[in-house]
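The values are calculated or read from the model by the stated rules, or taken from the named source; none is laboratory data. Since we're looking at a predicted model, the values are computed, not measured. Here the Cβ positions follow ideal geometry from the backbone for every residue, glycine too, while neighbour counts run over all protein chains shown.
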């Protein structure tokens, strides 16, 4: 069970309600009005808990599980233990995510502004907005209905925050527009200067960074990630994109919709990503590149050239993943022969 000191359970819910949320068909259940109290792992779940099976490595745990209900794919229905109700769907993990979010929804605003918070002149604060202790909302900023500004967060002058946005503690948002239903985790820095200098033998002259950061709707940005504002063009993060902790996104970068960017990725200035691009951990992208929609880059790869849509690449310098794996295997064989 999730620790109630940190997580609030909104249950219980009936099996029928859970099935509706999951988008699943109910199998092996005589009564869909029966209620379930929580979501739990297969090996910890009891008769009032809902679990799920997505990775087939845990099929044996599924066979032994005491869960009262389980979200599963159609091909494992016949392996369920007796008495377990099944919620059958082609996408068990997606279904579980929706069910877990029903039991444990994101915190909602309490509609209060703490006495130590500072709200600047002409700031527009929507209805049911929560502003925590020592938070700052700058002059002329706009905070949409139902949004939460956590303790110590700073919303700069003129910044626009959409409705139902959650902004974590000590985040700073400057020169930016944030779309509705986005999540900005603790310590995120958005809209600070891009790293722009006119370099020369006499010294380096700072180039004014006159753009913004435009973050779409339903975006999630992990803790301590930094997103620089543009030089003149804006830095743009598309709708639905998910960014992990400790990512650096430089000025003028354009990121499409529903991309996944994993921890410690660095994206250099003016690089463009299409939709549904996946960058695994510690990928580095050189500047002014175009990464096509659906491309996938393996962890720790260094990308120096454009990547075609749908292509998978790996290595440093990055290349098509099959070629990279063949080269790695060849080097291992050569090293083994030499060692022998």
Is there any pair with a first residue in region 226-247 that is within 19 Å of residue 263 (Cβ to Cβ) and a second that is at pLDDT below 95 and buried (at least 22 other Cβ atoms within 10 Å of the Cβ) whose Cβ atoms are under 9 Å apart and which are 6 or more apart or on different chains, and what are they? 228/194
When you check residue 4 against the structure, is it surrounded by fewer than 21 Cβ atoms within 10 Å (Cβ to Cβ), at pLDDT below 95 and within 30 Å of residue 128 (Cα to Cα), yes or no? yes
Identify all residues within region 188-217 that are under 16 Å from the mean Cα position of the chain (by Cα) and within 20 Å of residue 272 (Cα to Cα); write none if there are none. 190, 215, 216, 217
When residue 89 is run through (1) over 23 Å from the mean Cα position of the chain (by Cα); (2) farther than 18 Å from residue 160 by Cα; (3) exposed (fewer than 12 other Cβ atoms within 10 Å of the Cβ), the failure sits at (3)
Count - residues of region 9-43 that are loosely packed, with under 13 Cβ neighbours inside 10 Å and at pLDDT below 95: 2
Given the conditions (1) closer than 27 Å to residue 255 by Cα; (2) part of a loop (DSSP other than H, G, I, E, B), and given that residue 214 satisfies all but one, which numbered condition is not satisfied? (2)
Which one of these is closer than 21 Å to residue 223 by Cβ and either out of contact with any strand residue (DSSP E or B) (no Cβ under 6 Å at 6 or more places or on another chain) or not in a loop (DSSP other than H, G, I, E, B) (or both): 152, 146? 152
Please work out if residue 269 is in contact (Cβ under 8 Å) with a residue 24 or more places away in the chain, part of a loop (DSSP other than H, G, I, E, B), more than 16 Å from the chain's Cα centre (by Cα) and surrounded by 24 or more Cβ atoms within 10 Å (Cβ to Cβ). no
Residues (in a loop (DSSP other than H, G, I, E, B) and within 20 Å of residue 207 (Cα to Cα)) located in region 225-240: 228, 229, 230, 231, 232, 233, 234
Among what's in region 272-286 and is more than 17 Å from residue 240 (Cβ to Cβ) and either touching a residue at least 40 places away in the same chain (Cβ under 8 Å) or surrounded by 24 or more Cβ atoms within 10 Å (Cβ to Cβ) (or both), pick the residue that is nearest to the chain's Cα centre (by Cα). 283
Index of the failed condition, residue 177 passing every other in (1) farther than 22 Å from residue 140 by Cβ; (2) not in a loop (DSSP other than H, G, I, E, B): (1)
